[in-house]
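*Asks:* Just passing along the structure, written as structure tokens.
The values are calculated or read from the model by the stated rules, or taken from the named source; none is laboratory data. Quantities reported herein were computed from a predicted structural model and do not represent experimental measurements. Reconstructed Cβ throughout: ideal geometry from the backbone, glycine too, with neighbour counts over all protein chains shown.
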Amino acid sequence: MNLPKKAEIIEVGPRDGLQNESEFIPTDHKIALINALNKTGIKRMEATSFVHPAYVPQMKDAKEVLQGIVQDPNIQYMALLPNEKGFDRAVEQGVQAVSLVVGASNSFNLKNVKMTREESINQLEKVVLKARAQNMFVRYNIATAFWCPFEGMVDDKLVLDMVKKINRLDVDEIVLCDTIGRANPKQVYSLFKSILEIQPDAMITGHFHDTYGMGQANVLAALQSGVTRFDASIGGLGGCPFAPGAAGNVATEDVVFMMNELGIETGIDMEALRFSLNLVREMSNRNLMSHYNMILEHSCV
Ligand code: COA
Ligand code: ZN
């Protein structure tokens, strides 16, 4: 098996995880979660998003969250944003790392950010230039990179072309997101393999949801293709309010558990993760999709 010695887990729970929660989570609970995640060994996380508060009310306290957390100098706190307005709001808060998003599928992009794919790409090009001028870290997410809730399977050539175009902008990281959790391991392996062949030096990250129970299999398939960075969400929370049917992200603790079993170093401490997991359990009114949480609840470990 072709496995790396190390892999990086990027925590997206405070953003992707919480954005889909139906009831507003008090700001101090979000802050407590991020402060707890600070102690797990995680080095990068999406802390919040600067999107329209009317469309995603859960993220309306982005400013207060960023002001309230303990910002560990060794951790990168990223804010997701879809447009120039979001960028301006992030700059006001002194954000150093931005996470941009466009959908590979035009139908999804229209629903998600009310722009065509090309409109988003053009607007985000300006954002990248501005961010670069301020020495910010730029992460660029391609949502619905495998499947779209409205158009079905996404053409891999289209995604490859997007990756090439985005890479020419000199961004730091490109994330391929299976936003609705519908991709299969063969599709994942093949797309990442093609990307790494044409862009061997690019920082490429996999972002998987677990709607059809293929999340971990997709992580493994991506590992096999050479990807060593993965987004994950504590407790397996997550989903996009504009992607009907999308379930949670792969759970951080499940991915870390698998990496540990495979002898892949992540630098994340399972015991410390448990504390964050307890907070998530109290915060969410849903059944968590995390397998590790299920095991804990049945007192198996
Ligand atoms: N944050 C806050 N307000 C914003 C904003 C942002 N990022 N972008 C635009 N606005 C405001 C504008 O200032 C304007 O305000 P005004 O009416 O007071 O002048 C208003 O929203 C309309 O601007 P417009 O550019 O036409 O926005 P829109 O209504 O077309 O919405 C988005 C576009 C991108 C802001 C909206 O679709 C959105 O927030 N989507 C988020 C999707 C998301 O978070 N998905 C999950 C993560 S992938
Ligand atoms: Zn996601």
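*Asks:* Considering the range 140-166 alone, what residues qualify as being outside any loop (DSSP other than H, G, I, E, B) and either modelled with pLDDT under 95 or within 16 Å of ligand 2 (Cβ to nearest atom) (or both)?
*Replies:* Result: Y140, N141, I142, A143, W147, C148, V159.
*Asks:* To continue, here is another question. Residue under question is N109, and the condition is that it be of a type outside the set (D, E, K, R), within 16 Å of ligand 2 (Cβ to nearest atom), free of Cβ contacts under 8 Å to residues at least 40 places away in the same chain and part of a helix (DSSP H, G or I); does it hold?
*Replies:* yes
*Asks:* Still on this model: Can you tell me which residue within the range 266-282, out of those that are among the charged types (D, E, K, R) and under 15 Å from G17 (Cα atoms), is surrounded by the fewest Cβ atoms within 10 Å (Cβ to Cβ)?
*Replies:* Here the answer is E282.
*Asks:* Taking the range 141-190 only, how many residues are closer than 18 Å to R229 by Cα and among the acidic types (D, E)?
*Replies:* Qualifying residue count for the region: 3.
*Asks:* While we're on this one: From the set of residues in the range 19-56 that are under 12 Å from the mean Cα position of the chain (by Cα) and either within 11 Å of ligand 1 (Cβ to nearest atom) or surrounded by fewer than 24 Cβ atoms within 10 Å (Cβ to Cβ) (or both), which is nearest to G267 (Cα to Cα)? Walk me through how you get there before you give the answer.
*Replies:* Kept after step one, since they are under 12 Å from the mean Cα position of the chain (by Cα), are these residues of the range 19-56: 19, 44-49.
Filter again for either within 11 Å of ligand 1 (Cβ to nearest atom) or surrounded by fewer than 24 Cβ atoms within 10 Å (Cβ to Cβ) (or both), leaving 19, 44, 46, 48-49.
On the way: Q19: 26, R44: 12, E46: 18, T48: 23, S49: 26 Å.
The residue in question is R44.
*Asks:* Counting only residues that are away from ligand 2 (no atom under 16 Å from the Cβ), part of a loop (DSSP other than H, G, I, E, B) and more than 13 Å from V280 (Cα to Cα), how many does the range 22-54 have? Talk me through it step by step, then tell me what you get.
*Replies:* Taking the range 22-54 as the starting set, the residues that turn out to be away from ligand 2 (no atom under 16 Å from the Cβ) are 22-43, 50, 52-54.
Adding the requirement that they be part of a loop (DSSP other than H, G, I, E, B) leaves 22-26, 38-43, 50, 52-54.
From what is left, the residues that are more than 13 Å from V280 (Cα to Cα) are 22-24, 38-43, 50, 52-54.
Summing the residues that are away from ligand 2 (no atom under 16 Å from the Cβ), part of a loop (DSSP other than H, G, I, E, B) and more than 13 Å from V280 (Cα to Cα) in the range 22-54 gives 13.
*Asks:* I've got another one for you. Taking the range 216-236 as the region of interest, how many residues are surrounded by 24 or more Cβ atoms within 10 Å (Cβ to Cβ), part of a helix (DSSP H, G or I) and within 16 Å of ligand 2 (Cβ to nearest atom)?
*Replies:* So the count comes out to 6.
*Asks:* Then there is this: Out of I142, I166, I180, I174, which single residue is of a type in the set (V, I, T), more than 16 Å from the chain's Cα centre (by Cα) and either loosely packed, with under 15 Cβ neighbours inside 10 Å or within 24 Å of V250 (Cβ to Cβ) (or both)?
*Replies:* Numbers: I142 fails: more than 16 Å from the chain's Cα centre (by Cα); I180 fails: more than 16 Å from the chain's Cα centre (by Cα); I174 fails: more than 16 Å from the chain's Cα centre (by Cα).
Just a single option satisfies the conditions, and that option is I166.
*Asks:* Here is a further query. Determine, yes or no, whether V98 is surrounded by fewer than 24 Cβ atoms within 10 Å (Cβ to Cβ), within 16 Å of ligand 1 (Cβ to nearest atom) and farther than 26 Å from M289 by Cα.
*Replies:* Considered against the rule, which asks whether it is surrounded by fewer than 24 Cβ atoms within 10 Å (Cβ to Cβ), within 16 Å of ligand 1 (Cβ to nearest atom) and farther than 26 Å from M289 by Cα, V98 comes out as no.
*Asks:* Another question, if that's okay. What residue, among those in the range 66-94 that are under 17 Å from the mean Cα position of the chain (by Cα) and among the aliphatic types (A, V, I, L, M), is nearest to ligand 2 (Cβ to nearest atom)?
*Replies:* Of all residues in the range 66-94, those under 17 Å from the mean Cα position of the chain (by Cα) come to 75-82.
Filter once more, keeping what is among the aliphatic types (A, V, I, L, M): 75, 78-81.
On the way: I75: 20, M78: 13, A79: 15, L80: 10, L81: 15 Å.
Checking each candidate, the answer is L80.
*Asks:* Which of the residues spanning the range 280-301 are among the aliphatic types (A, V, I, L, M), assigned to a loop (DSSP other than H, G, I, E, B) and modelled with pLDDT of 85 or more?
*Replies:* Result: L288, M289.
*Asks:* Oh, and also: Are any of the residues in the range 112-127 in contact (Cβ under 8 Å) with a residue 12 or more places away in the chain, in contact with a Lys or Arg (Cβ under 8 Å, 6 or more places away or on another chain) and on the phi > 0 side of the Ramachandran plot?
*Replies:* no
*Asks:* Tell me, please, whether a residue that is more than 16 Å from ligand 1 (Cβ to nearest atom), more than 30 Å from L169 (Cβ to Cβ) and either modelled with pLDDT of 95 or more or of a type outside the set (F, W, Y) (or both) can be found in the range 189-210.
*Replies:* There is at least one residue in the range 189-210 that is more than 16 Å from ligand 1 (Cβ to nearest atom), more than 30 Å from L169 (Cβ to Cβ) and either modelled with pLDDT of 95 or more or of a type outside the set (F, W, Y) (or both).
*Asks:* Another question, then. Collect the residues in the range 182-215 that are farther than 12 Å from A145 by Cβ, outside any helix (DSSP H, G or I) and not aromatic (F, W, Y), keeping them in residue-number order.
*Replies:* Listed by number, the residues that qualify are N184, Q199, P200, D201, A202, M203, D210, T211, G213, M214.
*Asks:* Which condition number in (1) over 29 Å from V128 (Cα atoms); (2) more than 16 Å from ligand 1 (Cβ to nearest atom); (3) out of contact with any Lys or Arg (no Cβ under 7 Å at 6 or more places or on another chain) is the one that A247 fails?
*Replies:* (2)
*Asks:* Return yes when V70 is under 24 Å from H207 (Cα atoms) and modelled with pLDDT of 95 or more and no when it is not.
*Replies:* no
*Asks:* So, one more: Give the residues of the range 172-201 that are among the basic types (K, R) and either within 15 Å of ligand 2 (Cβ to nearest atom) or touching a strand residue (DSSP E or B) at 6+ places or on another chain (Cβ under 9 Å) (or both), sorted by residue number.
*Replies:* Selection gives R182 alone.
*Asks:* Looking for whichever is surrounded by fewer than 17 Cβ atoms within 10 Å (Cβ to Cβ), within 24 Å of P53 (Cα to Cα) and not acidic (D, E) here; the options are G239, G263, G245. Which one fits? Steps first, answer last, please.
*Replies:* Numbers: G239 fails: surrounded by fewer than 17 Cβ atoms within 10 Å (Cβ to Cβ); G263 fails: within 24 Å of P53 (Cα to Cα).
When all the criteria are applied, what remains is G245.
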